[in-house]
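Before any comments, here is the structure.
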Amino acid sequence: MNDKLWFVPLVLGLVALAVAHYGGLVMAPTEAMMGEVGRIMYAHVPTAWTGMLMGLVAFVFACGSLATSKDGWDIGTHASVEVATLLCTLLCIQGALWAKPTWGVYWDWDPRLTSTAILVLSFAGVLILRALVHDQGKRRIVTGVTTILAFVNVPITYYSVKWWNTLHQDMSSGSSIADEFKWSLYLGWLAMMLIAVGLVGLRSAGLMARLRREHGETALPKAKQKIELLAEKGGA
Amino acid sequence: MSDKPSDSSSNAGPIFLVGALAVAGTALGVVFFAADEMGESITYFWDPTQVVEAGSAAIGPDIRLGGMVQAGSLTWNESDQVVTMTVTDNENSLSVRCEGAPPQMLREGIGVVVEGTMTEAGTFDCDRLLVKHSNEYKAATEDMTAEERKALYKTVEGYEGL
């Protein structure tokens, strides 16, 4: 597959994001309780849903990576953990900006906020650990295992508002959101998903190219490999 | 991509997969099944009933109290910068006194989390007031007055009037 094709979801996502935010910031009615600041929802909720799903994608890649020992899965894990880290960091910033005018504080250590902060740190931890291991075989295992362990916090973060007393409101759903708000919100989510997929794809392509270069330096030149392979076949 | 295994450790992948899934599953299972129990000991806030049941044990230490602002109980004394209100969980309620300008969203019927101490007198002295928002997102209605609409544009300004 041509790596450039990953720009397609990225560009589509950016266009959809612009439309969604025009809907959210200009067309949608004001939120009854929060007023204009309620419009941060159109950025925050899609970021949250996409961030959690990217955590799940990273988990699936990590399982595949450990099960198959194939570098492609490992690269996918790396790229999706990076995108999940980015999204969860954005999530905390958007949340803080929203919290100040509504709750009265930028941050508080309630279970939802705390578990999200731990999520950011543990995904970042996976990337730091990964960067310290140079042998690709060991790096694949370190990345896979730590990603699976970091992922445990995704469902905990998601359900934290159900399990414990929190300052953060309960999870949003179709029935808790006014119909006038819905299309901007769901289009915003689709946009974030497309952008995330595009970023994971582009990053994976770049990482794969780098891995091939690294291996190229240590492995035998391709031509010599082929000759050896032919000789082996001939000898058999 | 490499055509050959990088080293012997790459063959150990499935073992690590099983190990990691076992640890992750156990951790998640413990949290899932213990969440209720943990709610008792690791709690972000107490509701009025828990504070009332704790009796004298609740007096003194810094705690968080969470509940709804009871209808008709909210007062704001601008010259003294004091908010008083009754926080309820519909079973028990406690009088709360807070100093300082409250967040703009504070109103009757909304959820609040207050940090502070229970006093001997049975009132809660709060030094930090947080307002909860519900997960209900509703459009502002057409029949709002111009004044009410304008009020929606306020964000971090101090709470004005009731």
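The values are calculated or read from the model by the stated rules, or taken from the named source; none is laboratory data. Quick caveat, the model's predicted, so the values are computed rather than measured. No Cβ is skipped: glycine too gets one built from the backbone with ideal geometry, and neighbour counts run over all protein chains shown. Keep in mind that these areas ignore ligands, DNA and RNA; they rest on the heavy atoms of the full protein, side chains included. Shrake-Rupley method; radii C 1.70, N 1.55, O 1.52, S 1.80 Å.
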One finds the C-alpha centres of segment A:74-102 and segment A:136-171 to be spaced, in Å, by 13
Inter-part gap, Cα centre of segment B:75-132 to Cα centre of segment A:1-68, in whole angstrom, is 37
Among segment A:156-177, those whose backbone N falls under 15 Å of a label point 7 Å along Cα→Cβ from B:E136 are A:169-177
Descending accessible area (1.4 Å probe), largest on the left, turns A:Y159, B:Y137 into A:Y159, B:Y137
For segment A:100-215, whose charge dipole is built from +1 on Lys and Arg Cβ atoms and -1 on Asp and Glu Cβ atoms, the candidate among A:A196, A:L149, A:A209 with its Cα farthest towards the positive end is A:A209
Taking R0 as 45 Å and r as the Cβ-Cβ distance between A:R213 and A:L25, the FRET efficiency 1/(1 + (r/R0)^6), rounded to the nearest 0.05, comes to 0.55
Here the whole-number average of other chain Cβ atoms within 10 Å per Cβ of A:136-143 is 5
